[in-house]
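Here, each number is a calculation from the coordinates, and none is a lab measurement. What you are looking at is a predicted structure, and each value in this text was computed from that prediction instead of being measured. Glycine gets a Cβ as well: all are built from the backbone with ideal geometry, and neighbour counts include every protein chain shown.
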Amino acid sequence: MVRDEQLTESELGRIAESLRDDWPTAQAVDFEESVEYHGSLPDEKRFAHVLESADKPLLQPRAGVPRLDKQVELLTHLWEEGGADLLPTTIDSYTRDNEYAKAQEGLDEARESGEDTLNGFPAVNHGVDGCRELVERVPGPIEVRHGTPDARLLAMVTFAGGFQSFEGGPISYNIPYTKSRSLAETIEHWQFVDRLTGLYTEFGVRINREPFGPLTGTLVPPSIAIAIGVVEGLLAATQGVKSLTLGYGQVGNLVQDVAALRALRALGEEYLPDDVTVTTVFHEWMGGFPPDEARANGVISLGGATAAFARPDKVITKSPQEFRGVPTMEANAAGLRTTRQLIDMLIEQDVTIDGIDEEQAFIERSARSLLDSVVSLGDGDVAQGTLRAFETGALDVPFAPSQSAKGAVLPARDDKGRVRILEFGELALDDEIREIHRTHLDARAKTEGRACSFRMVADDVDAISDGRLIGRPKEGWT
Amino acid sequence: MPRTVILGVIGSDAHVVGITILDQALSAAGFDVVNLGVQTSQAEFVDAAKAHDADAVLVSSLYGHAEQDCRGFHDRLASDSLDLPTYIGGNLAVGQDDWDETRRRFERMGFTRVFDSETEPQEAIDALCLDLDVSATEREGSEPQSIRVTT
């Protein structure tokens, strides 16, 4: 039975040994030699150091292509032409499914055809040496960004390969990313990743960990995102992680987004142990983008403005070509510059926006209720509490593809465009909180002269790509 | 008689929102929907089509690996003597592709219809009604309704 307890070193070693046969590159992983290698990296490539010592929001894009030379070229372009402060390496979707042979097929095909046949960089296939070559040839600190439920081998190879930041977590890389993986198993798998991170940290290599805040990226109520981020942070801290970045994805309502980022920081600092440094990351809109690049720039700009007011430690930027999938490197760099312009113009302005404090208090109250239910369902054990909370639906994520979540929660925007909860399922929120959600949604229903329904939800999912925030009825609406 | 359609996201892709909405829209339009969810293999599509005596198979892919994921799919259907319309929709290639070229590529692979990611559910419904000879009287009364989910 998985419990929120630190893995022993012998257990860590046993699991690492058992993974060595999964793909040939795993044989080259040597912990002590890797610690030494990290020691040779200059300060400007130490991810946690750069992030934790910044005095304004740092910008980081997403980017990953299959071939090594092309990945170096792409990241160098984003650094030089986009002005990125932190670099990513996005991993391809076959690796995320532990399908290393399929990733190899895609990589071989990319090398032969000269086309990017994978949607990311297959780091396990490139191996320790390939990762180190990447780390050495790019100009800045670099993070592994992916979506892998069982990321144990990926962590072993990329940590040995010189990466010092690693995205994901047992909930955030299971519930939104997979269909049939058991949550108990992903918690165990991430205990390994976090313990490995903790061990590197104890040996002086401070590896940063980042739970994936946006979850399904589609109208996720802030309280749910924050509660899950804090739970993943608690599980990571048990394993010895000391540098933790909690995330949140833009919903597009300025008041709610600023309030949510403040609540995320406040609750993160309150719930996590004092020796853990908590930073925050804001993801620009993760839902459907407008096809028109000019309009897409508008969405990105709103993200930049929100970041200027809320001052997260880091912003993950989007590109104006988001609608069509993986962007060109020029478009990706443009998204960085658009965001930078908004932040630099706004960050010194002293703007007071009404309603943020009230919204923040509401978000914190709801997130606390969810967090407290996890703790009490597990009789104080967060791992067990997480399992029971998802089994019962006390914790749930809208649009979750995973069978490990009830998926009963449905969100909708209220009359001001704030994300509220339409269907609660068994979510651990009391009647008073539920009533507040209902009152807000009823106000919208009244404005639109229709009942709250799935139609409303579907309209909201499309609204931003259609050029609006709230999915108002299209016909007969003036 | 209601027509049965198989719906799923192929390969390692976990984008669920599109098929969730399509599922609701198709069900409201009177189709029997078998939604296989995300990360569905070719074999699971074929097995479901056989088991449910399906009238059409709708494949979704948003993450760019559709071509590798769909290779040999129509041979598999044919070897199981399944002759039915197949649709595919979404972001079908990695990067900023030329849509006409992508569409032709998937038509050559055997798909009856190929849709881009801007497609509204109604377009797929109209196409299904045409391809499956759903008569006007059958469609009568099965217009998409708002599905009330609150109590």
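Along its principal axes, region B:4-131 has C-alpha extents of 35, 32, 27 angstrom, given from the largest down.
Residues within the reach of a label modelled at residue A:275 (point 7 angstrom out along Cα to beta-carbon, backbone nitrogen below 18 Å), restricted to region A:177-215, are A:194-209. For residue A:345 and residue A:447, the FRET efficiency from 1/(1 + (r/R0)^6), where r spans their Cβ atoms and R0 equals 35 Å, is about 0.55.
At 20 °C and 1.002 mPa s, grab the translational diffusion coefficient of region A:214-359 from Stokes-Einstein with a Kirkwood Rh over Cα pairs, rounded to a whole number in µm² per second. Before the final figure, lay out each step's value.
Details: Rh = 15.8 Å.
Translational D for this selection: 136 µm²/s.
The C-alpha atoms of chain A define a longest principal axis, and helix A:329-346 lies at about 60 degrees to it. Listed by Cβ neighbour count within 10 Å, with the fewest neighbours leading, A:131, A:452 appear as A:452, A:131.
Other residues within the sphere of radius under 10 Å centred on the Cβ of residue A:169, judged by their own Cβ, net out at -3 (K and R +1, D and E -1).
The mean sequence separation of alpha-carbon pairs under 8 Å and at least six residues apart, normalised by the residue count of region B:4-131, gives a relative contact order of 26 percent.
Legend: mean number of C-beta atoms from other chains within 10 angstrom of residue C-beta atoms, peptide B:92-99, equals 5.
Taking the Cα atoms of region B:77-131, the ratio Rg/Rh between the radius of gyration and the Kirkwood radius comes to 1.00. Close amide H contacts of residue A:378 (hydrogens built in the peptide plane, cut-off under 5 Å, sequence separation of 5 or more or a different chain): A:385. About its Cα centre, region A:325-478 has a charge dipole of approximately 600 debye under the convention of +1 per Lys or Arg Cβ and -1 per Asp or Glu Cβ, with nothing else charged. Per residue, the convex hull spanned by the Cα atoms of the protein assembly as shown amounts to 152 cubic angstrom.
Placing dummy labels 7 Å off each Cα toward the beta-carbon, the span from residue A:18 to residue A:408 is 3.4 nm.
Calculate, in nm to one decimal, what residue A:266 and residue A:466 gain on full extension: separation in residues at 0.36 nm each, minus their alpha carbon distance. Before the final figure, lay out the partial values.
On the way: separation 200, 0.36 × 200 = 72.00 nm, distance 3.43 nm.
Length gained, residue A:266 through residue A:466: 68.6 nm.
Given the DSSP H assignment, sum -39500 (n - 2.57) over each helix run of at least 4 residues in chain A and divide by its residue total; what's the result at 222 nm in deg cm²/dmol, nearest 500? Before the final figure, lay out the partial values.
On the way: 17 runs with 233 residues, N = 478.
Counting only the DSSP helices, I get -15500 deg cm²/dmol.
For chain A, take the longest principal axis of its alpha carbons; what is the angle in degrees between that and the long axis of helix A:254-271, to the nearest 10 within 0 to 90? The angle comes out near 50 degrees.
Let me check against my output: what whole-number percent is the relative contact order of chain A, with C-alpha pairs under 8 Å and at least 6 apart?
15
Put in order of Cβ neighbour count within 10 Å, fewest first, the listed residues A:22, A:344, A:194 become A:344, A:22, A:194. In the protein assembly as shown, a dipole from Cβ-located charges (positive for Lys and Arg, negative for Asp and Glu) runs towards its positive end, and of A:332, A:303, A:155 it is A:303 whose Cα lies farthest in that direction. Here's the picture: charge each Lys and Arg Cβ at +1 and each Asp and Glu Cβ at -1 in chain A, and of A:343, A:98, A:236 the one pushed furthest to the positive end of that dipole is A:343. Under the combined filter of DSSP loop state and at most 14 neighbouring Cβ atoms within 10 Å, region A:62-154 retains none of its chymotrypsin sites (Phe, Trp or Tyr not before Pro).
Once fully extended, how much extra length lies between residue A:54 and residue A:358, figured as 0.36 nm per residue of separation less the alpha-carbon to alpha-carbon distance?
The span from residue A:54 to residue A:358 would gain 106.6 nm if fully extended.
Inter-label distance, residue A:372 to residue A:301: 4.3 nm, where each label sits 7 Å from its Cα along the C-beta direction. In plain terms, the chain from residue A:182 to residue A:111 could stretch by 22.0 nm, reckoned as 0.36 nm per residue minus the Cα-Cα distance. For helix A:183-202, what angle does its Cα long axis make with the longest principal axis of chain A, in degrees from 0 to 90 and rounded to 10? Approximately 60 degrees, to the nearest 10.
Overall, region B:4-131 carries a charge dipole of about 260 debye about its Cα centre when +1 sits on the Cβ of Lys and Arg and -1 on the Cβ of Asp and Glu, all other atoms neutral.
Converting phi to 3J(HN,Hα) with the Karplus coefficients 6.51, -1.76 and 1.60 and the offset θ = phi - 60°, region B:2-12 yields x, 8, 9, 10, 9, 10, x, 9, 8, x, 9 Hz in sequence order, with x at every glycine or proline. Modelled spin-label separation between residue A:32 and residue B:105, with each label point placed 7 Å from Cα along the Cα-to-Cβ direction: 4.9 nm. Taken over region A:9-346, the alpha-carbon convex hull comes to 121 cubic angstrom per residue. For region A:366-383, putting each phi into the Karplus relation 6.51 cos²θ - 1.76 cosθ + 1.60 with θ = phi - 60° gives couplings of 5, 5, 4, 4, 5, 5, 4, 5, 4, 4, 6, 5, x, 6, x, 9, 5, 5 Hz, in residue order, rounded to whole numbers and with x for Gly and Pro.
The eigenvalues of the Cα gyration tensor, multiplied by 5 and square-rooted, give region A:368-422 an equivalent ellipsoid with semi-axes of 24, 14, 6 Å from largest to smallest. Counting only DSSP beta bridges with both residues in chain A, the antiparallel share comes to about 15 percent.
Annotation: average projected area of region A:333-411 is 8.7 square nanometres, based on the convex hull of Cα atoms across all directions. Other residues with beta-carbon under 11 Å from the beta-carbon of residue B:111 carry, at +1 per Lys or Arg and -1 per Asp or Glu, a net charge of +4.
Taking amide H as placed 1.01 Å from N in the peptide plane, residue A:83 has no amide H partner under 5 Å among residues 5 or more places away or on another chain.
Using a simple charge model, +1 on the beta-carbon of Lys and Arg, -1 on the beta-carbon of Asp and Glu, nothing else, what dipole does the protein assembly as shown show about its Cα centre, in debye to the nearest 20?
On the way: 59 positive and 107 negative charges, 163 e Å.
Computed charge dipole of the protein assembly as shown: roughly 780 debye.
With R₀ set to 22 Å, the beta-carbon distance separating residue A:474 from residue A:294 gives a calculated FRET efficiency near 0.50.
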